[in-house]
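Below is one structure, written out as structure tokens; comments come after it.
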Amino acid sequence: MTDFFHPIMDTHALKQCSSLALAHMGDSVYELMTRGHLIRSGLVTSRNLHRKTIHLVCAGAQAAGAQAILPLLTEEEQTVFRHGRNAKPKSIPKSSTPGEYALATAVESLFGWLYMKGEYDRLNALFTVLLPAAQEWAEQHEKG
């Protein structure tokens, strides 16, 4: 049976993926990790969960988290991150700056790449470092 929760790809196949394809996967991985963290932290109402999730997965929060993990990245991870940052998405949300969106895409590309490689421990390690910076950013920018 195919394991759709752990779709491991080898290095050659991953090199064929565009940065935006990796970011597509990484966006989901990052949001799933964020949702899991919020539920484990005791939030129980869907309204609170949704509001906190939105604040933590936005480009600004991801960009703040990117700054925290950058010094920890291996050379190979830095390459994936850089390619993600330099990707050219078709549009940028009005709620973020082009710089924030580029860093958010870089984080998502890296998370997608690590997930598709099956590097779950590394994902957890980076998310653990990224999360406090994203939370601090979100707290400073929360509205209502």
Residues of the stretch 27-66 satisfying the condition of being more than 9 Å from the chain's Cα centre (by Cα), farther than 14 Å from residue 135 by Cα and not aliphatic (A, V, I, L, M): 36, 40, 42, 45, 46, 47, 48, 50
Long-range neighbours under 9 Å by Cβ, at least six apart or interchain, first residue over 17 Å from residue 36 (Cβ atoms) within the stretch 50-61, second outside any helix (DSSP H, G or I) and of a type in the set (Val, Ile, Thr): 59/92; 59/97; 60/97
Answer residue from the stretch 7-61, given it is closer than 18 Å to residue 83 by Cα and in contact with a Lys or Arg (Cβ under 9 Å, 6 or more places away or on another chain) and is surrounded by the fewest Cβ atoms within 10 Å (Cβ to Cβ) among those: 11
The stretch 117-140: number of residues that are assigned to a helix (DSSP H, G or I), open to solvent by less than 80 Å² (accessible area, probe 1.4 Å) and not aromatic (Phe, Trp, Tyr): 13
Residues (without any contact (Cβ under 8 Å) to a residue 12 or more places away in the chain and in a loop (DSSP other than H, G, I, E, B)) located in the stretch 67-87: 74
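The rows are residues; the columns are (1) out of contact with any Cys (no Cβ under 6 Å at 6 or more places or on another chain); (2) part of a loop (DSSP other than H, G, I, E, B); (3) under 19 Å from residue 123 (Cβ atoms).
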position	(1), (2), (3)
1	yes, yes, no
4	yes, yes, yes
17	yes, yes, yes
23	yes, no, yes
27	yes, no, yes
33	yes, no, yes
36	yes, no, yes
39	yes, no, yes
44	yes, yes, no
Residue within the stretch 76-84 that is out of contact with any Cys (no Cβ under 9 Å at 6 or more places or on another chain), open to solvent by less than 50 Å² (accessible area, probe 1.4 Å), modelled with pLDDT of 95 or more and aliphatic (A, V, I, L, M) present: yes
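The values are calculated or read from the model by the stated rules, or taken from the named source; none is laboratory data. This is a predicted model, so every value here is computed, not measured. Counting neighbours? That spans all protein chains shown, and the Cβs are built from the backbone with ideal geometry, glycine included. For accessibility, only protein heavy atoms count, side chains too; no ligands or nucleic acids. Shrake-Rupley method; radii C 1.70, N 1.55, O 1.52, S 1.80 Å.
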